[in-house]
Amino acid sequence: MKWSQYTMSGLPKMYYIANARMPTEKAHGIQIAKMCEAFIEAGVGVELVVPRRGKETRTLGEFYGLRVDVSMTRLWTPDWYGSRIGFAASSFLFALRYFLHLARRHYIARERFIIYTTDLDQFSFFPIPFLGIPYFVEMHDAKKKKWPFRLLFWRARGGACVNRIIQSELNDVFNLQRETLLVLPNAVDLSAFGDASEDQIAARDALGIPHGALVIMYVGQMYGWKGIEILPIVARRMPRHYFYIVGGTAEEMRAIGAMDEQPSNLVCVGYKPFQEIPRWLRAANILVATGTSKDPYSYLHTSPMKLFEYAAARRPIIAAQTPAISEIFAQRGGLGVFFYDPDDSEDLERAINAVLIDKDGAVERTEIALDIIAQHQWKYRAERMIEFMKSRL
């Protein structure tokens, strides 16, 4: 084997396997791209291996505004991902393609490397344990004791999960040693926000938002499990304020059952490129992160990147008080945010009024939130994962 293929980090080259369309406007694409960037900047040689999907021709660096080039291998896979059966078939074929690709690199080209993969589906990682190559996994949700995950954890050298609830549940279900999984919440790149104190008026001028409007903003994709149906309800109760949704259209909100008739003060601006998001955040008066007790993933298993970005924008944050969100701000008694009870529109309205009344308290909590999330940057996340992987090789 080519043992000389260690990188400056002290790790061999890493093949990052992701059954995902890359680049993508979805949040998992940002997470994958930023972790690849952080690994590379920490001295790891990274090659991202994904299925060949979509018509996007821009590189990851161009799409996400990365500081480094990320080497990416797109393996031909039939793009049948639009249906459940098609998704399974395409994922299975992608698994075979990357298995052969890595087997050739390892056994014929005699490369020495490690594998990193993430749980974007329920089974496409199943060939990895049979390659005989050290691998690490990243878990964003709890799992049932089904054979693909039992097989995955059987030979994994270790991995990361985004909160302690997931770590505890995985340890219990798969009888793992506690040290097998490192808890690494999602993160933020503070440098991407530039001057986070940008004048709100300048941001609004650039985006066409009225100067005198009081803007309460939500940024994120339109998924039914996010609890965003609370926003139109509160918008109707607070007609003097504007509620902006960045990341989806009114039609998309109706499609997931989040609203019927659109309130006149609810503005849906649709998807916006990742590089534009900091300006949108700075144009707001208040930023809202929803959540619901009706969905286990929303309630227990998320680590919303939007919260870290909200804090980086230095705007007051109102968040659903779910166990998953509360864990992020557990330091300093959760004072980095204003909480509301999940699914309780009256309590969200109360929280908004509390921010508007307690201006000094809102400023203080904003600074506390920034202090907390400054510890959760992609570069620190990658560095911790690198040290963890080195200790388990």
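The values are calculated or read from the model by the stated rules, or taken from the named source; none is laboratory data. These numbers come from a predicted model, not from an experiment. Note that we place each Cβ from the backbone using ideal geometry, even for glycine, and neighbour counts take in every protein chain shown. Side chains included, ligands, DNA and RNA excluded: accessible areas come from the protein's heavy atoms. Shrake-Rupley method; radii C 1.70, N 1.55, O 1.52, S 1.80 Å.
Calculate the length of the line joining the C-alpha centroid of the range 80-112 to that of the range 208-240, in whole Å.
Centre-to-centre (Cα) distance: 41 Å.
Classify the range 271-381 as rounded, prolate or oblate from the Cα gyration tensor: take a ≥ b ≥ c as the square roots of its eigenvalues, call it rounded if a/c is under 1.5, otherwise prolate when a/b beats b/c and oblate if not. Don't jump to the answer; show the numbers that get you there.
Values: a/c = 1.28, a/b = 1.07, b/c = 1.19.
Note, shape of the range 271-381 comes out rounded.
Which value results when the Cα radius of gyration for the range 219-279 is divided by 2.2 N^0.38 Å? Don't jump to the answer; show the numbers that get you there.
Numbers: Rg = 11.3 Å, N = 61, 2.2 N^0.38 = 10.5 Å.
Cα-based Rg divided by the globular estimate yields 1.08.
For the range 91-102, what does the Karplus curve 6.51 cos²θ - 1.76 cosθ + 1.60, with θ = phi - 60°, yield as ³J(HN,Hα) per residue in whole Hz, taken in order and with x for Gly and Pro?
Ordered by residue, 3J(HN,Hα) equals 5, 5, 5, 4, 4, 5, 5, 6, 4, 5, 4, 6 Hz.
Going from most exposed to least, what order do 378, 147, 225 have by accessible area with a 1.4 Å probe? Working shown, then result.
Working: 378 15, 147 160, 225 80 Å².
Most to least solvent-accessible, the answer reads 147, 225, 378.
Extension gain residue 260-residue 69, at 0.36 nm per residue separation less the Cα-Cα distance, in nm? Provide the component values of the computation, followed by the final result.
Numbers: separation 191, 0.36 × 191 = 68.76 nm, distance 4.38 nm.
Gain in length upon complete extension: 64.4 nm.
Cα-based Rg of the range 155-295 per 2.2 N^0.38 Å, rounded to two decimals? Please report the intermediate quantities before stating the final value.
Numbers: Rg = 18.9 Å, N = 141, 2.2 N^0.38 = 14.4 Å.
The value comes to 1.31.
From a point 7 Å beyond the Cα of residue 205 in the direction of its Cβ, which residues of the range 248-280 have a backbone N at a distance under 20 Å?
276-280
For residue 161, enumerate residues with amide H under 5 Å from its amide H, sequence gap 5+ or separate chain, H modeled in the peptide plane.
It is 139, 182, 183, 184, by chain and number.
Between residue 384 and residue 326, what's the calculated FRET efficiency when r is the beta-carbon distance and R0 is 22 Å? Round to 0.05.
Rounded to the nearest 0.05, the efficiency is 0.50.
Report, to two decimal places, the Cα Rg of the range 1-145 normalised by 2.2 N^0.38 Å (N = number of residues). Kindly include the intermediate steps, with their values, before the conclusion.
On the way: Rg = 15.0 Å, N = 145, 2.2 N^0.38 = 14.6 Å.
Ratio of Rg to 2.2 N^0.38 Å for the range 1-145: 1.03.
Compute the length gained on full extension between residue 364 and residue 76: take 0.36 nm times their separation in residues and subtract their Cα-Cα distance, giving the result in nm to one decimal. The partial results should precede the final answer.
Values: separation 288, 0.36 × 288 = 103.68 nm, distance 5.16 nm.
Between residue 364 and residue 76, full extension yields 98.5 nm more.
Just one of (i) 1.20; (ii) 1.03; (iii) 0.98 is Rg/Rh (Cα atoms, Kirkwood Rh) calculated from these coordinates, so which is it?
This structure yields the entry labelled (iii).
What size of dipole, in debye to the nearest 20, comes out for the chain about its Cα centre when the only charges are +1 on Lys and Arg C-beta atoms and -1 on Asp and Glu C-beta atoms? Intermediate values should be presented prior to the final figure.
Numbers: 48 positive and 43 negative charges, 378 e Å.
Its charge dipole is roughly 1820 debye.
Pick out, in residue order, every one of the trypsin sites (Lys or Arg not before Pro) in the range 235-327 that is DSSP loop and has at most 14 other C-beta atoms within 10 Å; say none if there are none.
Numbers: sites: 236, 237, 240, 254, 279, 282, 294, 306, 314; in loops: 240, 294, 314.
The qualifying sites are 240, 294.
Pulled fully out, how much extra length does the chain show between residue 57 and residue 297, if you take 0.36 nm times their separation in residues and subtract their Cα-Cα distance?
Working: separation 240, 0.36 × 240 = 86.40 nm, distance 3.27 nm.
Between residue 57 and residue 297, full extension yields 83.1 nm more.
Summing -39500 (n - 2.57) over the DSSP H runs of n ≥ 4 in the chain and dividing by its residue number, what mean residue ellipticity at 222 nm do you reach, to the nearest 500 deg cm²/dmol?
Numbers: 14 runs with 144 residues, N = 393.
Using -39500 (n - 2.57) per qualifying helix, the result is -11000 deg cm²/dmol.
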